[in-house]
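What follows is one structure encoded as structure tokens, with my remarks underneath.
The values are calculated or read from the model by the stated rules, or taken from the named source; none is laboratory data. Because the structure is a prediction, the values reported are computed rather than measured. Here Cβ is always computed from backbone atoms with ideal geometry, including for glycine, and neighbour counts include all displayed protein chains. Only protein heavy atoms, including side chains, enter the accessible area calculation; ligands, DNA and RNA are left aside. Shrake-Rupley method; radii C 1.70, N 1.55, O 1.52, S 1.80 Å.
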Amino acid sequence: MTALLPKRSNRSPRRLSPLRRLEPLRLFEALATPHGVDRYLELVNPMLTVRELRAEVTAVHRSTLDSVTLTLRPTRQWRGFKAGQFVNVTVEIDGVRRTRCYSPTCSQYRKDGLIEITIKRHPEGLVSQYLHANAAPGLVVQLSQADGVFHLPALRPERLLLVSGGSGITPVLSMLRTLCDEGYSGEVVFLHYSNGEHDVALLRELRELAAQHGNVRLVLAYTDATDGDLTGFFGPHHLAEVAPWFAESHTYLCGPPALMSSVKAHYAEAGLTDLLHIEEFQPAPIVVDDGEPTGTIAFGDTTAENSGETLLEQAEAAGLTPEYGCRMGICFSCTQVKTSGCTRNIRTGELHSDPDEEIQLCINVPVGDVSIDL
């Protein structure tokens, strides 16, 4: 007697749509509220995440007394970066999450999937001091996807001038490493300003790149020493000496405010602003509303008369210490809930008048009475 078997179907197995596949995850997240799935997974393994992008420190290198280079292994959510862009790094210090912006220093083509960031310790830098003193293999930090418009053009020019100063070396060093990995054959001048040789982060790596690639010229300008290739602060004569063709090519610049201002002024005077590309972490200018600021701001139980400044500045003036990172609307660490009232984004001009709306304190100003859940 033949056993009755179910008929085979020639139809392909039914596939769930992406939205249907997400339904169990959404259900799990709903059950995990208010903490979210990742808050529970990190109790098992900090690198086991569903949505959050994190990275584990795998190596620590201190090339100068006040700088530290961290090699990071990102979780699977990492989408890579373009040389010159930045990432937000969040680390927990005394129970509070702090966020700062750093530019990867490695090539965007690094094959092992790891990234490097080099951090210069600043006297008033809470995060930079913490990482310089405490970063060790095994430390897990939260990471953002790469962002920023400071990067090389898709069509590489025939010549490039890369100018940096101090900690501004990081994004342009990434550009140089990326060009070398590409086999770029055009002429590259890397002009870096520092106090002296002891103050140049990753100097050995820079010299190795210049020695291995005949089209790369490394120029070190020392402001407090006489043994550099150039001496003193930036001047037009420096460009004439090391890159006399600078007016016919593109320049990428990142460094301290004084260096940035001097170079920008020279390029503006020469009518070359379109050839100068800069990376500067500073907030956009505040567009002041017509008339005097009005209204009262309530930061929880603390109230203050509206001065017209950003909500972050007014909260600090009222004696409060809200968390913040970049102060320019990039890192989102100052995000708080506006329970009532209207605010204006100083970067976009957009008005936010809905109740119970998340806003960034550093780039929003109050329009009349405003209440913030702080």
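To the nearest Å, what is the center-to-center distance of region 287-356 and region 216-281, using C-alpha atoms only?
37
Going Cα to Cα from Lys111, which aspartates and glutamates come in below 20 Å? Please leave out same-chain ones fewer than 8 positions away.
The reachable aspartates and glutamates, counting only those whose Cα sits under 20 Å from Lys111, are Glu56, Asp181, Glu182, Glu205, Glu208.
Give me a comma-separated list of calculated 3J(HN,Hα) values for region 222-231, in order, Karplus coefficients 6.51, -1.76, 1.60 applied at θ = phi - 60°, integers in Hz, x for any Gly or Pro.
The phi angles translate into 9, 8, 10, 9, 10, 9, x, 5, 10, 10 Hz.
Using 31 Å as the Cα-Cα cut-off, could you pick out the over-long pairs in Lys120/Lys338; Lys82/Lys120; Lys82/Lys338?
Lys120/Lys338; Lys82/Lys338, as the Cα separations exceed 31 Å there.
Tell me, what is the per residue accessible area of region 296-372 in Å², probe radius 1.4 Å?
Dividing the accessible area of region 296-372 by its residue count gives 44 Å².
Quick one: go through region 140-158 and flag any residue whose amide nitrogen is under 18 Å from the point 7 Å out along the Cα-to-Cβ line of Asp274.
Inside the label zone: 153-158.
What's the ranking of 159-172, 229-242 by average number of surrounding C-beta atoms within 10 Å, highest first?
Ranking the peptides 159-172, 229-242 by packing returns 159-172, 229-242.
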